[in-house]
Amino acid sequence: MECAPIGRVETPFAEAADAPRQGFLDDATGTVHVAEPYREGLSGLDAGHTIDVVWWADDADRSVLRVRDGDRGVFTTRSQARPNPVCVTTCDVLDVHRATGTVDVSGVDMGDGSPVLDLKYALDSDERA
């Protein structure tokens with residue numbers, strides 16, 4: 001299996017421990033920096049959309065299998081600490097700058113500089129029907 005980042009995220013959180021447990025619990029903003037080869041993929045993405053930012057918690061403890069004082073298995077949580085720290089954060093798009101490959105978002109919970117693996121348009125309940 002191979003997976004390469006499409007960019008990085010800029011957030012106010014120097015370390016994962018500084019970030020809120022879930023992005024939707026905080027109104028922190030950040031910027032997704034999409035690398036040049038992938039910027040064409042931003043076509044059609046606009047302010048007001050909601051996206052899932054799929055990112056890699058590169059500083060996570062990959063040995064963790066139990067969390068919260070051992071009460072719960074990591075697979076019953078959204079914890080960053082896990083064997084394969086693939087994380088998904090649903091963010092509101094504030095602005096899109098296709099030429100520079102930047103997407104300003106709110107609801108971030110990732111550490112500054114975290115690799116972004118993908119961006120996925122998040123369907124609202126009407127679109128899922």
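The values are calculated or read from the model by the stated rules, or taken from the named source; none is laboratory data. In this text the structure is predicted, and so the values were computed from the model without any measurement. No Cβ is skipped: glycine too gets one built from the backbone with ideal geometry, and neighbour counts run over all protein chains shown. Areas reflect the complete protein model, heavy atoms only, side chains present, ligands, DNA and RNA absent. Shrake-Rupley method; radii C 1.70, N 1.55, O 1.52, S 1.80 Å.
Tally the residues that are touching a residue at least 60 places away in the same chain (Cβ under 8 Å) and open to solvent by 40 Å² or more (accessible area, probe 1.4 Å), restricting the search to the stretch 51-63.
1
Is it the case, given these coordinates, that Gly70 is open to solvent by less than 40 Å² (accessible area, probe 1.4 Å), more than 17 Å from Pro5 (Cα to Cα) and not acidic (Asp, Glu)? Give the derivation first.
Numbers: open to solvent by less than 40 Å² (accessible area, probe 1.4 Å): yes; more than 17 Å from Pro5 (Cα to Cα): yes; not acidic (Asp, Glu): yes.
Here the answer is yes, as Gly70 does meet what is asked.
Against the test of being surrounded by 13 or more Cβ atoms within 10 Å (Cβ to Cβ), assigned to a strand (DSSP E or B) and of a type in the set (A, V, I, L, M, F, W, C), the options Leu94, Leu45 yield a single qualifying residue, Leu94.
If you scan the stretch 48-61, which residues turn out to be part of a loop (DSSP other than H, G, I, E, B) and on the phi < 0 side of the Ramachandran plot?
His49, Ala57, Asp58, Asp59, Ala60, Asp61
Restricting the stretch 5-56 to residues that are over 15 Å from Val88 (Cα atoms) and of a type in the set (Asp, Glu) leaves a set whose member that is modelled with the lowest pLDDT is Asp26.
Checking the structure you have, find out if any residue of the stretch 74-89 is more than 19 Å from Pro115 (Cβ to Cβ) and assigned to a loop (DSSP other than H, G, I, E, B). Within the stretch 74-89, one or more residues are more than 19 Å from Pro115 (Cβ to Cβ) and assigned to a loop (DSSP other than H, G, I, E, B).
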